[in-house]
Amino acid sequence: MNLTILGIRHHGVGSAKNVAERLEELCPDMILIEGPPEITEALALVGHTDLKPPVSVMIYNTENPRQSSFYPFAAYSPEWVAAVYANKNKIPLRAMDLPAAIGFQIDNLKQQEAQAMAEQKSETKETDTPILPPKISPRDPLGYLAEVSGFSSGEAFWEHHFEKNYIKNNATDHFEAVALAMGSLREQQILSSLDEENVYREAYMREVIRKAQNELYSNIVVICGAWHAPVLQELDKSAKADTKILKALPKTKIKVLATWIPWTNQRLSIHSGYGAGIYSPGWFEHIWKTPDDYDLHWLTKVADVFRKKNVDISTAHIIEAVRLAESLAALRNFPKVSLEELNEATLAVMCMGDAIMLNLVREELIIGKKLGKVPVDIPKVPLQEDFERTIKSLRLPLTANAKQYDLDLRNENDLKRSIFLHRLEILEITWAKRVDSRSKGTFKESWKLEWEPEMMISIIDKAFFGNTIQTAAQQVIKNQLEQETSVGKVAELIQKTIPAELFEIIGVLLNKVDELATISADIMDLMFAYPPLVQVSRYGNVRKTDLSMIQGIVDSLITKIAIGLPNACYGLDEVNAEKMFQKIGQVNQAVQLNDKPEIDQIWMDALRKLLEKTGVNQLIKGCTCRLLLDAQYLSEEETDRQLYYSLSANNDPIEVAAWIEGFLKGSGMILIYDNKLWNLIYRWVAQIQEDVFMELLPILRRTFSKFEYAERRQIGEKAKAGIITDDYASIANTAEELDEKRAEMVLPVLEMLLM
C-alpha cells in the first residue's frame, strides 16, 4: 500500500508546479488535501468553467454566520492544482484537517474561559494577583535554517530553495528535500507557534489517512503544509496515542455549511484560514501562467501600466530594465531573476528613482485587482440568491475596485438601484456607502460601491430575517420598532424606510409615531422627530409615494412643540441650552421647508413667547431674536430694544457673549450690513475689562470661527474703522462699488432658477 506525502507551501508557485508533476508520475487512486472535511463536497466543483480563482470556500456556523472561516484558493495554489487533477481524472478527493465545527466549538470555549478569567480578575484585588513570568513566543522554525544559510527570514529561505528554483522533471527530489528539512527541525523538537493546535490537527489527519487505507485505496497522495509532512508517515506507531488525543476534543452540536464565494488578490495577501498570506499574488499568477521569459513579459506589463497613466515609456526602457534585472540576479548569484530585481530595475530605468511611481506597479500588478467568479447554481441561502439576482438585473457588478454611481431618481433603473441600496443600508450590508452628490437636487443620489468578500457573511447572517432583501429589511425595521419608545427614533426609522419603499411597514411606523407623539411630554424628543418627518414628506414627490397621512402627524407635532417649548427652555444649564439651541435651529429649518403659513404662524408665536419669558438661557434668547428678525416677525424697533437691553453694560459679560453667539447663529452678514448692531457690539467689547475679555475670548472665538472666510475678512476690515457713523462709508470700506452692468447679467439666470 503506497502512501506519498507532498509537503508544500500554501499558494506557492514552485510547490504547485512540483505537485502537478508528481501527480502525473504517481497516478494516485486517492488524493487527500489539508482542509476541514466540510469543504470536501465544495471541492468537487473545482474545474467548473464558471469557478474562476481567486475564490474561497466559506464555512460558517448556521446559527451564528459571523462565526466563519475562509479557505482561499488561487490558480497556483497546490491544493487547487491537486483538486483540478482529481476531478479531471475522476479520482476521489477529500479534505482531512480538523473539522471546522470542532474548531468553532474550541473558539467558543476559549471565549468563555477568557470571560470567566476576566470576571475573576475583576473580583480579585491587585495585591493578590500573582506575578507570572512572561511567555516566550515560539520562533518560526524555518528561521533557524535561514540563520544558518544567511537569509533574512524563514520566508526568504523557503522562497529561494523551494519556490523560485523550479527544475522540470525533478519533483521527487524536491519533495524529498522538503521532507528532510522539516524532519530535521522536528527531530530537534523545534516549536511552531501553532504546535498546541497542531497536536489535534495532525492526529486527525493521520486518522483520515488510516480510514482511506482501510477502504483499500492502494496509492494515496497527501498534500499538506510542509511542517506537517514528517509526522504523517508512521501511522501504526501513533494509532493509540491519536485515539487518546481525539477523545479529548470537545463534543459539539454546531452545524456548519460551506459555499464558494469570490475572493480578491488583495485578500490573498492576508493570512486567513489555513492559507498563508502572500505579498505578491499578481506576480505569482504571472510566473504561474508565464513559465518562459517571465521577466520580459512582466516588464512589458509594467510599461503598459505606465503608458495608460500617460508616462512616456519606450521599448528601449524595457530592454534596459531586463538587462539590469539579469545583471543584478547574476551579481547576487541567483539562478533566476526575482521580483526584487525586477522592481529595482523598474525603479531605476522606468521610474527614474521615483518610488511613488513604483507604488502604482504594486497596486496594479504585484497585488492586482482581480476578483474571482463562482457559478450561479452553487448552493446558497435564499437571501444570497436574491442579492445576486437583484444586482444582476440592476447591472451592479461586484468589483474589487471602488466605483461611484450617480443616480437620477427620475430614471426607472436608477430609482430601483436607489431602493435596493437603501435596503442594504437598513440590513447594515456595507457594500454601498452614500457620498455627497456632485449635482444638487432631490432627484440626485450618489453611492460608492466597493466589494469585500467578508460582506457575504453579513448577507448570510441576515438570512433568517427573510428570503429576499425586501422582506429581510422589512423584518429588521419591525424588530427595531418593537423595542422603540422614542418619537425621534421612530421618525428616523421612517426616514430609512421611505427611500427603501418598504410600504407594508410604513403604515405601522406612522401609527406608532402618532401614538407616541400623543402621549409624549418630552419636547426635545418631539423636536428630534420633527425635521426627519418633514424631510420624509418630500419623498412623496420624488419617489411617487403617497404620504398624505404623514402631513397630519407633522402638523400635530409642531403644535405640541410650540405649546411646550417655552417651559422646556426654562432654567437650562449651559450644556442643555446648547442642545436646545441646536434643536430650535433644526426645527426652524424644517418649518421653512414645510412652507405652510399657518404652521409658520404657530412656530413664530412660540418663539415670541420664548423671547419674552424670564429664566431662559441667553444663548436661546439670542437665537430666538435672530430667527424672529429673519422671518420679519420682529420689527426693527423691537429688535433694537432687544439689542440694547441684552448688550447693556449692567449685564453679566458671559451672558452677553452667549446672547451674541445665539443671535449671530453661524452667519456674520448681519454684522457687515447692520451698523446699529455693529456699533452696539463694538462699544460692548470696548468697555469690557481685560481679564473679563480673556475669559470671554473662547466663546467669541467659537462664534466667529463659524463664519465664512469672506465674512471674517470683511468684519476684520470693518473693525479697522471702529464706530460707524456713515452708512455709505461703511459699505464703501467693506466692498467695491456696485457694477450695475455685471449685476444685470445675473438676472436671466435668476429668472430661470425661479421658474
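Key figures
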{"quantity": "Segment Leu246-Ala20, length gained on full extension (0.36 nm per residue, minus Cα span)", "calculated": "78.1 nm"}
{"quantity": "Shape metrics for region 382-465, restricted to C-alpha atoms - Rg then Dmax, Å", "calculated": "12.8, 39"}
{"quantity": "In sequence order, calculated HN-Hα J values of region 739-750 (Karplus, 6.51, -1.76, 1.60; Hz; x Gly/Pro)", "calculated": "9, 5, 5, 5, 5, 5, 5, 7, 4, x, 5, 4"}
{"quantity": "Per-q log10 I(q)/I(0), the chain, q = 0.05 Å⁻¹ (Debye; single scatterer per alpha-carbon; no solvent)", "calculated": "-0.45"}
{"quantity": "For peptides 607-613, 350-356, sequence by mean Cβ density within 10 Å, most packed first", "calculated": "607-613, 350-356"}
{"quantity": "Shape of region 241-383, Cα gyration tensor, a/c cut at 1.5", "calculated": "prolate"}
{"quantity": "Gain in span if fully extended, Gln601 to His48, counting 0.36 nm per residue against the direct Cα distance", "calculated": "192.0 nm"}
{"quantity": "Ellipticity estimate at 222 nm from DSSP helix runs (n ≥ 4, -39,500 (n - 2.57)) divided over the chain, nearest 500", "calculated": "-17500 deg cm²/dmol"}
{"quantity": "15 Å beta-carbon shell around Ser238, net charge (K/R +1, D/E -1)", "calculated": "+4"}
{"quantity": "Cβ-derived FRET efficiency at R0 51 Å, Asn511 paired with Thr614, nearest 0.05", "calculated": "0.80"}
{"quantity": "Spin-label pair Leu593/Arg395, simplified geometry with 7 Å Cα→Cβ offset, distance in nm", "calculated": "3.2"}
{"quantity": "Simple spin-label estimate for Ala330 and Asn567 in nanometres, 7 Å along Cα-Cβ", "calculated": "9.5"}
{"quantity": "Computed E for Ser705/Tyr144 - FRET, C-beta separation, R0 56 angstrom, nearest 0.05", "calculated": "0.40"}
{"quantity": "Helix axis angle, 13-26 relative to the chain longest principal axis, alpha carbon, degrees", "calculated": "40"}
{"quantity": "Anisotropy class of region 439-481 from Cα gyration tensor, a/c 1.5 cut", "calculated": "oblate"}
{"quantity": "Label point at Thr559 placed 7 Å out along Cα→Cβ; residues across region 505-523 whose backbone nitrogen lies under 19 Å", "calculated": "510-523"}
{"quantity": "Residues Met456, Met30, sorted so that the one with the fewest Cβ neighbours within 10 Å comes first", "calculated": "Met30, Met456"}
{"quantity": "Sites Gln111 and Arg713 - FRET efficiency at Förster radius 51 Å, r taken between beta-carbons, to 0.05", "calculated": "0.30"}
{"quantity": "Extension reserve of the Ile723-Lys255 stretch, reckoned as 0.36 nm per residue once the Cα distance is removed", "calculated": "160.4 nm"}
{"quantity": "Packing-based ranking, highest mean first, of 106-118, 299-311 given that Cβ atoms within 10 Å are counted", "calculated": "299-311, 106-118"}
{"quantity": "Nearest-ten-degree value, helix 294-308 long axis tilted from longest Cα axis of the chain", "calculated": "10"}
{"quantity": "Between region 433-499 and region 388-432, the Cα center-to-center distance that results, in Å", "calculated": "12"}
{"quantity": "Most to least packed among 369-377, 583-591, 559-567 [average Cβ atoms within 10 Å]", "calculated": "583-591, 559-567, 369-377"}
{"quantity": "Label zone at Ile654 (point 7 Å along Cα-to-Cβ), backbone N below 14 Å, region 611-636", "calculated": "617-619"}
{"quantity": "Per-residue ³J(HN,Hα) for region 257-267, Karplus 6.51 cos²θ - 1.76 cosθ + 1.60, θ = phi - 60°, Hz, x for Gly and Pro", "calculated": "10, 10, 8, 7, 9, x, 10, 10, 4, 4, 6"}
{"quantity": "Estimated distance in nm for a label pair at Met1 and Lys478, the labels positioned 7 Å out from Cα along Cα-to-Cβ", "calculated": "5.6"}
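Each reported figure results from applying straightforward, stated rules to the coordinates on display, with no laboratory input. Bear in mind that the values here come from a model prediction, so they are computed numbers and not experimental data. Positions of Cβ are generated from backbone atoms using ideal geometry, with glycine treated the same way; all protein chains shown enter the neighbour counts.
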